[in-house]
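Structure first, then comments.
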Amino acid sequence: MEERGDEGISEVSGRRARGELESDVLAALWAANGPLTARQVRDALPGDLAYTTVLTILSRLYDKEMLVRHREGRGYAYEPVRDEASHTAQRMRSLLEGGPDRQAVLARFVSELSKQDEHVLHQLLSAHDAHAEDHRSGGTA
């Protein structure tokens, strides 16, 4: 029987945690200056992954509509649909919407922010409020 640590990595087999490889592939694509082929993604990843493994992950991410692909030679070059910040924000929204007590989750999230993150959040909320007020009063933003 395989034992799993807190990170979800198998102590016995050394396998990656579920979703870790997808995250690594997305990180490689976000770091690139444009679309990458499966071979380029494989070269950008640590370790010695099989080409077919990388191709499978790219296909899964494409099927999940997280990537777009463009024909390049006999294969494809892939790039993310959203930038990293948009992807992370969407995941946060999804987790928030899936919880039974939205207010409790938001309260806990805010209570655990660093002072710097709290300051940034206040600035963003103030800018959002000012923008909304401009639209209500007919001004331009």
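Values quoted throughout were computed directly from the atomic coordinates according to the rules given, and no laboratory measurement underlies them. Note that this is a predicted model, so its numbers are computed, not measured. All Cβ positions, even for glycine, are placed from backbone atoms using ideal geometry, and neighbour counts span all protein chains on display.
Taken along the Cα-to-beta-carbon direction at a fixed 7 Å, the label points for E20 and L95 span 1.8 nm. When Rg and Dmax are taken over the Cα atoms of the range 20-80, they come to 10.2, 29 Å.
What is the Cα convex hull volume of the chain when expressed per residue in Å³?
205
Working note: Debye formula, equal point scatterers on the alpha-carbon atoms of the range 71-131, no solvent; log10 I(q)/I(0) at q = 0.12, 0.17, 0.27, 0.30 Å⁻¹ is -0.49, -0.78, -1.19, -1.15.
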